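Taking it in order: structure first as structure tokens, then the write-up.
Coordinate-derived values only; no laboratory data. Keep in mind the model is a prediction, meaning the values are calculated, not measured. Neighbour counts are summed over all protein chains in view; Cβ atoms, including those assigned to glycine, are modelled from backbone coordinates with ideal geometry.
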Amino acid sequence: MQYDHFSIYGFEVEYPKDWRVKLNPKSEKKTGEVAFHSPESDGMFVFWGVLEDAKKKYASVDEHVERTIEKVEKTRGVKSMDIVERKELEINGHRAISTHLKATFIQATFLRRREVSREVWSFHLYCEQTARYFVLHGSPSSDERSMEQADVFEHMQKTFRCHY
């Protein structure tokens with residue numbers, strides 16, 4: 001797979017060349033979000049915000065991750081959720097928490113209900129140098145696309161730089 005380079009407001013990441021990029025028009029250097037969408041409707045998202053605001057809500061990046069997992073569990077339609085993997089790593093000189101979740105959702109249509117499983121990958125990091133926190137997360141459009149999406153997440157995680 002070939003990748004392109006995306007850079008804005010002092011951070012950068014590589015994303016698949018054939019994906020669309022959509023910056024939230026309200027984004028600014030302090031806070032914002034950018035979405036990366038595949039032709040098959042997979043998505044990866046980078047969120048950033050004021051580090052001081054995150055530290056007022058969460059005692060640490062670990063607590064930030066825990067609260068995020070709790071939010072996913074409470075999302076409407078989520079039947080169950082498993083933590084497949086959670087690991088600590090270093091990204092651009094910072095301690096980061098990478099999480100791989102598997103959630104089972106109830107999809108209700110007019111006449112029937114069915115269960116659908118989706119994998120979700122994310123990392124959270126706090127960057128003192130830029131006074132921002134960053135979250136990269138994504139999930140595939142279907143189970144069949146999980147392996148490819150996992151590879152894309154891994155590449156984006158490895159190439160992410162919160163400052164350069």
Under Karplus coefficients 6.51, -1.76 and 1.60, residue-wise ³J(HN,Hα) of segment 24-30 in Hz, glycine/proline x = 4, x, 8, 5, 9, 4, 6
When the chain is modelled as a GNM with alpha-carbon springs shorter than 10 Å, which of 132, 112, 95 fluctuates the most?
-> 112
Between the Cα axis of helix 61-74 and the main Cα principal axis of the chain, the angle (0 to 90°, nearest 10) is 20 degrees
Specify the residue with the greatest mean-square fluctuation among 55, 102, 87, computed from a Gaussian network of the chain linking alpha-carbon atoms under 10 Å apart.
-> 87
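For 60, 41, what's the fewest-to-most ordering of other Cβ within 10 Å of each Cβ?
41, 60
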Kirkwood radius from Cα pairs of segment 1-158 plugged into Stokes-Einstein at 10 °C, 1.306 mPa s, gives D in µm²/s equal to 96 µm²/s
For segment 17-23, in residue order, the Karplus 3J(HN,Hα) values (coefficients 6.51, -1.76, 1.60; θ = phi - 60°; whole Hz; Gly and Pro = x) are 4, 8, 8, 8, 10, 9, 8
Using a 10 angstrom cutoff on alpha carbons, build the Gaussian network for the chain and name the most mobile of 111, 125, 101.
-> 111
By Cβ neighbour count within 10 Å, fewest first, 163, 124, 64, 5 rank 5, 163, 64, 124
Selection from 45, 27, 99 lying farthest towards where the dipole of segment 6-102 points positive, charges on Cβ | 27
Could I have the simple spin-label model distance between residue 154 and residue 33, label points 7 Å from Cα toward Cβ, reported in nm to one decimal?
-> 2.7 nm
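How high is the relative contact order of segment 3-159? Use alpha-carbon pairs under 8 Å, at least six apart in sequence, and give a whole percent.
Value for segment 3-159: 22 percent.
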Which whole-percent values make up P(r) of segment 100-143 when all C-alpha to C-alpha distances are grouped in 5 Å steps starting at zero?
-> 6, 17, 19, 15, 12, 11, 8, 6, 4, 2, 1
Treating only Lys and Arg (+1) and Asp and Glu (-1) as charged, each at its beta carbon, one finds that segment 48-121 has a dipole about its Cα centre, in Debye to the nearest 20, of 540 debye
From phi via Karplus (6.51, -1.76, 1.60), per-residue ³J(HN,Hα) for segment 109-118 in Hz, x at Gly/Pro = 10, 4, 10, 8, 10, 9, 9, 10, 9, 9
